[in-house]
Amino acid sequence: MSTERLFIAAALPASVREQLAALYEPVRGIVWTRLEQLHLTLRFLGEVDVSLDETLETALARVRVESFVLPVAGIGSFPPRGTARALWIGVGHGHPRLHQLRQQIDDALLATGLALDVRFFQPHATLGRVKEEVPPGAVRQFLKRHREFEAAPFRVEAFQLYASTLHPGGAVHTLKREFALHPSL
């Protein structure tokens, strides 16, 4: 059985990624996400049998949500308490269609027979990964310094299915297929 590591995301426009680059400070122990790989995570699937590719794509093509505008605001870390492993930027209070999109994606995936982790949905773009050698308090200070950060809102007009290949220098994301949202239903 051959598998691939998959996730579903909404691409961030170049203008938003450039604004997020302003957050990338030289902090020992934080490895920043390459700008071209920044995305809004909608659903991480993990290792999936490649024989399901066509089934997944057919199911995801049935998602019907109108396009919508999202803010880019709210910075935090995972886990929110204890030793941070990742830094992220959020979407403020989001938009009801974002949650509708996530629900329809989940419904489509469940219809294929995939088992999904149904924990709380925290829409985010991972800014960086935190390594063990971060100076004490550095993450807390970073979050405090940037707690008011906001980037320009952007229109979500599509979502994407990506394959993610892990390499020593970080993951490489490859677009498998894009699914357009609808201007109006």
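The values are calculated or read from the model by the stated rules, or taken from the named source; none is laboratory data. Because the structure is a prediction, the values reported are computed rather than measured. Here Cβ is always computed from backbone atoms with ideal geometry, including for glycine, and neighbour counts include all displayed protein chains.
Below, the figures for the structure above:
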| read-out | value |
| --- | --- |
| Selected residue (criterion: farthest from Gln104 (Cα to Cα)) from residues of the stretch 30-67 that are among the hydroxyl-bearing types (Ser, Thr, Tyr) and either surrounded by 20 or more Cβ atoms within 10 Å (Cβ to Cβ) or in contact with a Pro (Cβ under 8 Å, 6 or more places away or on another chain) (or both) | Thr33 |
| Qualifying residue in the stretch 4-13 (condition: over 13 Å from the mean Cα position of the chain (by Cα) and among the small types (Gly, Ala, Ser)) | no |
| The stretch 22-35 residues that are under 14 Å from Lys131 (Cβ atoms), paired with ones that are part of a loop (DSSP other than H, G, I, E, B) and modelled with pLDDT of 90 or more (beta carbon under 6 Å, 6 or more apart) | Trp32/Tyr24 |
| Residue check, Glu25 over 16 Å from the mean Cα position of the chain (by Cα) and either more than 23 Å from Leu143 (Cβ to Cβ) or part of a helix (DSSP H, G or I) (or both) | no |
| From Val91, Val134, residue being among the aliphatic types (A, V, I, L, M) and in contact with a strand residue (DSSP E or B) (Cβ under 6 Å, 6 or more places away or on another chain) | Val91 |
| Only listed residue being at negative phi, acidic (Asp, Glu) and either crowded, with 18+ Cβ neighbours inside 10 Å or at pLDDT 90 or above (or both), chosen from Glu132, Glu178 | Glu178 |
| Which numbered condition Leu114 misses (of (1) in contact with a Lys or Arg (Cβ under 9 Å, 6 or more places away or on another chain); (2) surrounded by 17 or more Cβ atoms within 10 Å (Cβ to Cβ); (3) in a loop (DSSP other than H, G, I, E, B)) | (1) |
| Single residue of Val139, Val134 found to be over 22 Å from Glu57 (Cα atoms) and either touching a Leu at 6+ places or on another chain (Cβ under 8 Å) or of a type in the set (Ser, Thr, Tyr) (or both) | Val139 |
| Which listed residue, of Ser77, Ser2, Ser15, is within 22 Å of Phe154 (Cα to Cα) and in contact with a strand residue (DSSP E or B) (Cβ under 8 Å, 6 or more places away or on another chain) | Ser15 |
| Filter result for the condition that a residue is in contact with a helix residue (DSSP H, G or I) (Cβ under 9 Å, 6 or more places away or on another chain), farther than 21 Å from Ala22 by Cα and modelled with pLDDT of 95 or more, over Leu114, Leu127, Leu109 | Leu109 |
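For every residue, the table says whether it meets (1) out of contact with any Phe, Trp or Tyr (no Cβ under 9 Å at 6 or more places or on another chain); (2) among the β-branched types (Val, Ile, Thr); (3) part of a loop (DSSP other than H, G, I, E, B).
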| position | (1), (2), (3) |
| --- | --- |
| Arg43 | no, no, no |
| Val48 | yes, yes, no |
| Gly76 | no, no, no |
| Thr83 | yes, yes, yes |
| Leu101 | no, no, no |
